[in-house]
Amino acid sequence: MSKVQPKPNGAANGGVKRINLALQGGGSHGAFTWGVLDRLLEDPHIEIEAITGASAGAVNAVVLADGMATGDKEHARRTLSKFWHAISDAGKYGPLRRTPFEALRGGWSLDSSPAYLWIDMLSRVASPYDLNPFNANPLRDLLKKHVDFDRVRASMLKLFVSATNVETGRTKVFQSKELEVDHVLASACLPFMFQSVIIDGTPYWDGGYMGNPPLWPLFEHSSSDDVMLVQINPIRRMGVPRTARDILNRVNEITFNASLLRELRTIDFVTNLMEEGRLEGTGYRRVLVHMVEDELSLSALGASSKMNTEHEFLDMLFAKGRAAAERWISTNADDLGKKSTLDIRNLFQGDDDALDGARIKRQAVYRHSGARMQPKTQGETQ
């Protein structure tokens with residue numbers, strides 16, 4: 001949706017449709033995205049051109065790029081499976097486990113886990129600089145063992161990994177050619193658990209705070225018009241949370257969706273201007289937005305389950321992701337390259353500041369007078 005020179009969308013070539021992926025973060029809920037990727041890789045008519053990801057989305061992106069280095073989708077599927085099972089194995093004997101009662105009732109929450117409660121309490125009175133002075137991070141070991149970053153940097157996939165600059169509060173987007181282990185760790189750095197990741201003298205925290213994930217790099221650097229968002233964090237949750245835990249869960253969801261919703265509003269705004277013919281000759285491209293989600297299933301999981309790495313839990317999320325991708329493909333695959341299948345306006349239906357027609361018309365003159373809809377910088381943005 002940025003103001004760039006028009007490009008061929010590359011959506012169809014001999015029946016093959018090229019797409020971009022936007023992968024949200026969400027801890028172990030990233031196994032849902034693993035399932036989505038597995039199903040997409042299985043489809044011979046879909047090719048992935050570029051991926052933007054934050055936190056767990058960034059992890060999935062680099063693992064996929066490593067697996068795709070040979071150009072073999074089946075190898076990429078095996079690489080993703082191997083990595084996620086390694087995550088489960090690494091946590092097999094750790095303290096973060098469900099209580100027997102929670103397991104008996106079929107829940108996946110860690111809310112009653114003594115270890116989780118202890119960590120949660122300590123994080124409120126002590127920082128990771130106090131509790132983890134040597135900055136141990138099991139994700140670092142997993143990435144070093146299972147991901148070849150030389151292959152990632154050489155991959156044909158265009159990758160964009162977001163992190164949050166601690167000092168400026170802005171999003172920093174790292175691109176394929178510069179990616180190392182630390183860039184992914186920065187993207188997945190929860191500041192209550194880990195020390196900030198220092199890259200070239202700058203401290204970074206989890207990318208999900210300011211870009212979960214950022215969409216604009218896909219508009220600037222890819223030829224495909226189709227952006228498929230894999231949604232992990234529920235956008236809507238009806239009813240007022242009343243317990244302390246439910247309130248924290250909802251705050252977590254709202255926080256990690258805020259930046260994405262802002263970008264979706266912008267896409268909707270510019271799309272309407274284009275449809276009204278107000279941006280003719282300006283070089284703006286259309287963007288076709290799609291979403292793979294299972295909000296019903298994922299909204300039943302609390303924030304604490306994002307730290308649950310039990311094999312059965314990850315496999316359940318994987319199956320949910322595959323099923324969601326299957327539903328999307330069977331219903332919407334023919335629309336790739338033709339139209340958006342996500343009704344962005346419906347996401348904001350009922351909001352006082354929703355992008356209704358009157359509001360668009362009020363602002364159209366200002367926007368058409370030269371204002372930019374996306375930042376032109378390629379690294380750090382507000």
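Some values worked out for this structure:
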{"quantity": "Per-residue ³J(HN,Hα) for the range 186-191, Karplus 6.51 cos²θ - 1.76 cosθ + 1.60, θ = phi - 60°, Hz, x for Gly and Pro", "calculated": "4, 5, 10, 8, 7, x"}
{"quantity": "CD proxy at 222 nm, helix term only [per DSSP H run n ≥ 4: -39500 (n - 2.57); per residue of the chain; nearest 500]", "calculated": "-13000 deg cm²/dmol"}
{"quantity": "0 to 90° range, to nearest 10: angle between helix 357-368 axis and the chain longest Cα axis", "calculated": "70 degrees"}
{"quantity": "Cα-only radius of gyration and Dmax that characterise the chain, units Å", "calculated": "20.5, 64"}
{"quantity": "For the range 230-325: Kirkwood Rh in Å [reciprocal of mean 1/r, alpha carbons]", "calculated": "16.0 Å"}
{"quantity": "Cα-based radius of gyration of the range 275-334 once divided by 2.2 N^0.38 Å, which approximates compact folds", "calculated": "1.74"}
{"quantity": "Relative compactness, the range 75-204, computed as alpha-carbon Rg over 2.2 N^0.38 Å", "calculated": "1.23"}
{"quantity": "Rounded D (µm²/s) - the range 183-342, Kirkwood Rh over Cα pairs, Stokes-Einstein at 20 °C, 1.002 mPa s", "calculated": "118 µm²/s"}
{"quantity": "Check: the chain dipole with +1 on Lys, Arg Cβ and -1 on Asp, Glu Cβ, in debye", "calculated": "500 debye"}
{"quantity": "Sequence-separation-based contact order of the chain, relative, with Cα cut under 8 Å and 6+ spacing, percent", "calculated": "27 percent"}
{"quantity": "Largest-first principal axis extents of the Cα set of the range 255-305 (Å)", "calculated": "49, 19, 14"}
{"quantity": "P(r) of the range 165-256 over all Cα-Cα pairs, binned every 5 Å from zero, in whole percent", "calculated": "2, 11, 18, 19, 18, 14, 10, 5, 2, 0"}
{"quantity": "Scaled radius of gyration (Cα, divided by 2.2 N^0.38 Å) that the range 236-284 gives", "calculated": "1.80"}
{"quantity": "Over 31 Å between alpha carbons, listed pairs Lys145/Lys339; Lys144/Lys306; Lys306/Lys338", "calculated": "Lys145/Lys339; Lys306/Lys338"}
{"quantity": "Cα shape, the range 52-134, gyration tensor, a/c 1.5 rule", "calculated": "oblate"}
{"quantity": "Cleavage-rule hits, chymotrypsin sites (Phe, Trp or Tyr not before Pro), the range 259-324, DSSP coil, Cβ neighbours within 10 Å at most 10", "calculated": "none"}
{"quantity": "Rg over Rh, two decimals, the range 11-72 (C-alpha only, Kirkwood Rh)", "calculated": "0.98"}
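Taken together, the values in this text are just the output of simple stated rules run on the coordinates, not laboratory data. This structure is a prediction, so every number in the text was calculated from the model and none was measured. Ideal geometry is used to build each Cβ from the backbone, glycine not excepted, and the neighbour counts take in all protein chains shown.
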